[in-house]
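The values are calculated or read from the model by the stated rules, or taken from the named source; none is laboratory data. Computed from a predicted structure; not experimentally measured. Ideal geometry is used to build each Cβ from the backbone, glycine not excepted, and the neighbour counts take in all protein chains shown. Note: accessible area is taken over every heavy atom of the protein model, side chains too, but ligands, DNA and RNA are not part of it. Shrake-Rupley method; radii C 1.70, N 1.55, O 1.52, S 1.80 Å.
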Amino acid sequence: MSLIVQKYGGTSVGTPERIVNVARRILATKEAGNKVVAVVSAMSGVTNNLIKLANEVTGDADPTEREMDVLLSTGEQTTIALTAMALNAMGAKAVSLTGAQAGIKTDGVHTRARISNISPEGVHELLDDDNIVILAGFQGETLGGEITTLGRGGSDLTAIAMAAAIDADLCQIFTDVDGVYTCDPRVVPDARKIDEISYDEMLEMASSGTKVMQSRSVEFAKKFGVTFEVRSSLNDNPGTIVKEETMSMESVVIRGVSLERAQAKVTISAVSDTPGTASMIFGAVSDANVIVDMIVQNVSKTGITDISFTVNEADVGKAEEALKPVLAQLGEEATIEAQDGIAKLSVVGIGMRSHSGVAAEMFKALSEGGVNIEMISTSEIKVTVTVSEDQIDKAAQVMHDAFGLAEA
Ligand code: ADP
Ligand code: ASP
Ligand code: MG
């Protein structure tokens, strides 16, 4: 008998028929002689709709984050009840649990809380009593009993953290594609399913736009050594195993290509090139809770320079507002300019540690494809460039071809 944690994402539980399909799969796993905890997401579109409703009732003000969590947690709560009901109607014994009921404790940072502790005794008792446990993804509670949510895509984190807490034998992330591909198969039709990928590669891909896994969930899996599989809820094809890297993984230079749309570039021109300038800029932006991604500062010849950085398009107004009050202190003629319609393109692979020339190859292929590069940043296993958003699909295909990713 194995202890198995499964997670079914929004599309997989997007209709009553799909919930019944998921219930059948869960039951089959149980009937094969296993103990099963199934984590489910909100039905597809539900979380987005709840966010839209919140914005509609608050007008120009931001919805209060505590209430946002009370609201958003209802999406997953609907799915756990429906999935447990479907299983019970099939004659199985299933119990639904909210994050709080399952002992998931978090810090108090509403809408992007971190899991601080899981007390899995209740889950174990239910499993020992022959129940299937249906667990709400994406949510927990603070020590004081406040409902929290774990950030977009957070059901992945619930599954991985619960798998670690109950020391599961297997953790399976079921989604609407067959696994992790060399690029988003919706963008690059000849993208290939990857059989095995290391935590570090999955983490870099997830944090540069490959939304098939939430990046914090991959971080957690790496920290606690949870091997997991990403696979389809619609067929029985083997998926992608995400695990600690092995020697043979290094022989592949580029594992995959990631893209992220809806980025914006903020440039502050004519700032004085003196100690404290960058600190003032990024201090102000961070105080406004805006996450900055790539940063470029030009070399100054005259004691005056430009600094550019990227943010999510949705945050550009907040970043500009945060900078206005400090602008005068940055330089007599300092100005701010924001440009949206930007996208990021990244190539990722642990093989880059031992191969040089990846960046050069990337730039050559993009130039031959007629794609203009705006900003560049590199890490040990990733090279990222920004390009115009209307060229991102083409740029992704060009990268995929240049590194021969369609061939096994
Ligand atoms: P779920 O609702 O199951 O959590 P998501 O929508 O979060 O599913 O993630 C699955 C989607 O991720 C796929 O439909 C696919 O379009 C997208 N995706 C982006 N990049 C990749 C990739 N490299 N491999 C697989 N899927 C990807
Ligand atoms: N329902 C949440 C979201 O849409 C969590 C998840 O699906 O993982 O972000
Ligand atoms: Mg997801």
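Quick look at the numbers
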| quantity | calculated |
| --- | --- |
| Dipole of the chain, positive direction: furthest Cα of 388, 325, 212, with charges on the beta-carbon | 212 |
| Point-charge dipole on Cβ atoms (K/R +1, D/E -1) for the range 248-383, about Cα centre, debye to 20 | 440 |
| Heavy-atom surface of the range 207-297, accessible at 1.4 Å and reported per residue (Å²) | 46 |
| Accessible area of the range 76-182 divided out per residue, in Å², using a probe of 1.4 angstrom | 37 |
| Two-decimal ratio, the chain, of alpha-carbon radius of gyration to 2.2 N^0.38 Å | 1.06 |
| Solvent-accessible area, 1.4 Å probe, carbon plus sulfur percent, for the range 21-165 | 51 |
| Accessible surface of residue 105 - all protein chains present, 1.4 Å probe, nearest 10 Å² | 50 |
| Heavy-atom surface of the range 1-61, accessible at 1.4 Å and reported per residue (Å²) | 47 |
| Within the accessible area of the range 194-241 (1.4 Å probe), percent carbon and sulfur | 49 |
| Fluctuation leader among 119, 388, 356 - the chain, Gaussian network, Cα springs under 10 angstrom | 356 |
| Length-normalised contact order for the range 126-212 - Cα pairs under 8 Å, 6+ apart - percent | 16 |
| Mean Cα-pair separation over length for the range 66-124, i.e. relative contact order, pairs under 8 Å, 6 or more apart, % | 28 |
| 0 to 90° range, to nearest 10: angle between helix 215-224 axis and the chain longest Cα axis | 60 |
| Global form of the range 55-100, assessed from the alpha-carbon gyration tensor, a/c cut-off 1.5 | prolate |
| Top of 317, 14, 154 by mean-square fluctuation, Gaussian network on the chain, Cα under 10 Å | 317 |
| Charge dipole (debye, nearest 20) of the chain; +1 at Cβ of Lys and Arg, -1 at Cβ of Asp and Glu | 660 |
| For residue 228, residues with placed amide H under 5 Å, excluding near neighbours | 242 |
| Computed over the range 306-372, the ratio Rg/Rh where both radii use C-alpha atoms and Rh is Kirkwood | 1.14 |
| Rounded to 10°, Cα long-axis angle of helix 358-368 versus longest principal axis of the chain | 70 |
| Selected from 55, 85, 75, residue furthest toward positive end of dipole (the range 8-108; charges at beta carbon) | 85 |
| Normalised contact order of the chain, rounded percent, pairs of Cα under 8 Å and 6 or more residues apart | 14 |
| Ranking by accessible area, most exposed first, for 210, 74 with a 1.4 Å probe | 74, 210 |
| Portion, in percent, of the accessible area of the range 366-408 that falls on carbon or sulfur, probe 1.4 Å | 46 |
| At most 13 other Cβ within 10 Å, DSSP loop - GluC sites (Glu not before Pro), the range 315-344 | 332, 333 |
| The chain: most fluctuating residue of 292, 371, 326 per GNM, C-alpha cutoff 10 Å | 326 |
| Dimensionless Rg over Rh [the range 106-253; C-alpha; Kirkwood] | 0.99 |
| Given charges at beta-carbon only (K, R positive; D, E negative), |dipole| of the range 1-130 in Debye | 460 |
| Counted charge near residue 122, where neighbours are those whose Cβ lies closer than 12 Å (Asp, Glu -1; Lys, Arg +1) | -4 |
| Two-site FRET efficiency, residue 107 against residue 48, from Cβ-Cβ distance with R₀ of 25 Å, rounded to 0.05 | 0.50 |
